[in-house]
Amino acid sequence: MSATVTTEEVWREVEKHFFAVLAFTTSHGEARSAGIDYTVRDHELYIITGTETWKARHISKNPHVSMTVTIPKRVLFMPWIPIPPATITFQGEATIHDPKDVPPDIMPKLLRGLKPTAEDLAVLCIIKVHPVGEFVTYGVGVSMQTMRHPDLARARAHV
């Protein structure tokens, strides 16, 4: 029997964190991925990147992406013991936006205190990911002991 997790629990975890791996394909169908920082608003994820990055170029041609949010795990009084992170993976539809076309609260969250110049902003874009289908989780809402049994630590929830 697998774990049980609700959509609300998954969104709470996604909103608590800011690092994920974004996967996409090149125009030649080759798989690529990149570590990214994100922020969440209205159940959509926003990512800042350069307009000439692989992410932006390839996603503009193929908007189908996958994201995996990693959730660090530690034993409280024994942090040196290696524990694999919990994960939340989902598919999504990505769109590319000019920074001035996203809600005004998004840019400060993505920049995390950085103050880019107008020249810097001119070469940036925002990738907005709208999750679709199901969240696939491992280790979310279960004990670390349960994480030792993948069949018990996995769960799915509708986006």
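Return the Rg/Rh ratio of the range 41-101 with Cα-based radii and a Kirkwood Rh.
1.14
As a test of the formula, what do you get for the chain when each DSSP H run with n ≥ 4 contributes -39,500 (n - 2.57) and the sum is divided by the residue count, at 222 nm and rounded to the nearest 500 deg cm²/dmol?
The helix-only estimate for the chain comes to -5000 deg cm²/dmol at 222 nm.
Convert 20 °C to kelvin, take the viscosity as 1.002 mPa s, use the Kirkwood radius over C-alpha pairs of the range 1-47 as Rh, and evaluate the Stokes-Einstein diffusion coefficient in µm²/s, rounded to a whole number.
169 µm²/s
From the convex hull of the Cα coordinates of the chain, what is the mean projected area in square nanometres?
Hull-based average projected area comes out at 10.8 nm².
Residue by residue, what Karplus-based ³J(HN,Hα) values in Hz, rounded to whole numbers, does the range 72-78 have, using 6.51, -1.76 and 1.60 with θ = phi - 60° and x for Gly and Pro?
Residue by residue, the range 72-78 yields x, 10, 8, 7, 3, 9, 9 Hz.
Compute the relative contact order of the chain as a whole-number percentage, counting only Cα pairs closer than 8 Å that sit 6 or more residues apart in sequence.
Value for the chain: 29 percent.
Whole-Hz ³J(HN,Hα) for each residue in the range 150-159, computed from phi via Karplus 6.51 cos²θ - 1.76 cosθ + 1.60 with θ = phi - 60°, x for glycine and proline: what do you get?
3J(HN,Hα) across the range 150-159, in whole Hz: x, 5, 8, 9, 8, 7, 9, 8, 5, 5.
Pull out the extension gain between Thr4 and His17, defined as 0.36 nm times the separation in residues minus the alpha carbon to alpha carbon distance; nm, one decimal.
The span from Thr4 to His17 would gain 2.6 nm if fully extended.
Laboratory data are not the source of any read-out in this text; all were calculated from the coordinates shown. What you see is a predicted model, and the numbers here were worked out from it, not measured in a lab.
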